[in-house]
Structure formats: C-alpha cells, structure tokens
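This report refers to the structure that appears directly beneath it.
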Amino acid sequence: MSGTGTPSSVKDDDRIWRHRLTDRSLHWVSAVSVLVLLITGFLPVVGVNFEWVTIHWVTGLILLAAVAVHIVASIRKGQFMRIWFGWSDIKIVLSMLSSTPEKPGKYSPAQKLMHAGVTVLVLATLVTGLIMMVRIDTPLWERNIYLFEDTTWGVIYVVHGLAAMALISTAMLHIYFSLRPEKLMYFRSMLRGWMTRGEMETNHDVSKWSGDRT
C-alpha cells in the first residue's frame, strides 16, 4: 500500500514534502534555544549553581533572531495565516462529533492551537527578558536597575516567570504528542522534511494541502 514501510524503503516519488530545510532549521534552533533557556533559568532556582547568566541572555537573543526570521519568511512566502486557528478549524473540530469528520489542511486544529500557545508564551518571555537585560552588564551596555519602579519590575518578573513555567508544560506536551506512534510521521517530517503520500491522504484533505515544494 502506498505510503507504508520504513523511511529508507519509501521511494522518492512517494514522498510528500511538508517542511523545507530552512523551516526545519529554524524550528530546531528555536527548540534548542527554549530548552537551554529553561535549563539555565530553572536549575539555579533548585540549587544547581553555575555561570548561567551569559548563556541565558545570549541564547535569548538567538531565539529572538530565529523568531524574527521565521515571521519575516512566513510573510514573504504568503503563509503567515496558514498556521493560525480560525473558523474553519472550529468547523473541523465540530465535525469530529459526526460520522463524517473533516480532514484538515496542512495543520490540524490541535497543531494550530499548540503553535498559538507557544507563540504567546515565547513572545511573553522574550519581551520581558529583553527588558530585564537592562539590569545586567553586557558588552553592549552597562546595567541600569532604575529604569522602572520596583512595582513595575515585579510585574515584569512575574510575567516572565509564569510564561517560562507554562513553557515547561507546553514543551513536555509537544514532545509527548510528537513521539506517539500515530504522530511519528510529523516528527519525521520535521527531521527529514517529508511524509509519505499514504500518510498525507489518510490524515489530510488533499484539496486543502497536497504537499509543499522543496
């Protein structure tokens, strides 16, 4: 049957391209950056002491650059709205209650909601993190702890901490669902770029999405 078998046994003409190399690279740079930020942010809290501050803010700037490149690239390719949850996704969710559920296009409603959640949390940590950087010395500037009043700083730290804690749970959910047997095709596509024609036809509406150009 088309689309089955191990990845190495799948013929080239049966591979449907889902993620370009640039998109995959940005995804993994962002993923590694988030993990490094979480590790360097929370290990000192639980008593694991090391020189974490420089690693933390440099990684934050790398994540900021990756997010900016991703946004610009999505807009230039005209795909910025493809990943956002909307009315059509609500209809797909409601159709799951019927005997003839609709199939999604490239991204399922669950994937879109996950993307939206990660976007909000990452932007919250980036914005607050950039503001907090004025409190540390860097090669670019000297610290200024008096930019805001203590109450304002407290709000900034609370937002940063809550968003970071929420990112831990979100990352765990993302990893868990990515590694489930029925979802491994998406994990493979983020590693190698493709899924099989059978996987696409089984899980996606080919009138909405039939593969991307490499």
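Applying the selection to region 86-126, what residues are assigned to a loop (DSSP other than H, G, I, E, B) and either of a type in the set (A, V, I, L, M, F, W, C) or within 30 Å of A164 (Cβ to Cβ) (or both)? Selection gives G86, M96, L97, K106, Y107, S108.
Can you find a residue in region 154-170 that is touching a Pro at 6+ places or on another chain (Cβ under 7 Å), assigned to a helix (DSSP H, G or I) and touching a residue at least 60 places away in the same chain (Cβ under 8 Å)?
Kept after step one, since they are touching a Pro at 6+ places or on another chain (Cβ under 7 Å), are these residues of region 154-170: none.
Within region 154-170 (the criterion being touching a Pro at 6+ places or on another chain (Cβ under 7 Å), assigned to a helix (DSSP H, G or I) and touching a residue at least 60 places away in the same chain (Cβ under 8 Å)), the answer is no, since none of the residues qualifies.
Is there a residue being within 19 Å of I55 (Cβ to Cβ), surrounded by 12 or more Cβ atoms within 10 Å (Cβ to Cβ) and within 19 Å of the chain's Cα centre (by Cα) anywhere in region 128-138? The answer is yes, given that some residue of region 128-138 is within 19 Å of I55 (Cβ to Cβ), surrounded by 12 or more Cβ atoms within 10 Å (Cβ to Cβ) and within 19 Å of the chain's Cα centre (by Cα).
Of the residues making up region 62-85, those that are outside any helix (DSSP H, G or I) and in contact (Cβ under 8 Å) with a residue 24 or more places away in the chain number 4. When F42 is tested against the conditions (1) over 19 Å from the mean Cα position of the chain (by Cα); (2) touching a residue at least 24 places away in the same chain (Cβ under 8 Å); (3) closer than 18 Å to A171 by Cβ; (4) open to solvent by 70 Å² or more (accessible area, probe 1.4 Å), the lone failure is (4).
The values are calculated or read from the model by the stated rules, or taken from the named source; none is laboratory data. Given the structure is predicted, the values throughout are model-derived calculations rather than measurements. Glycine also receives a Cβ, built like all others from the backbone with ideal geometry; neighbour counts cover every protein chain displayed. Ligands, DNA and RNA are stripped out before the accessible areas are found, and what is left, the full protein with its side chains, is counted by its heavy atoms. Shrake-Rupley method; radii C 1.70, N 1.55, O 1.52, S 1.80 Å.
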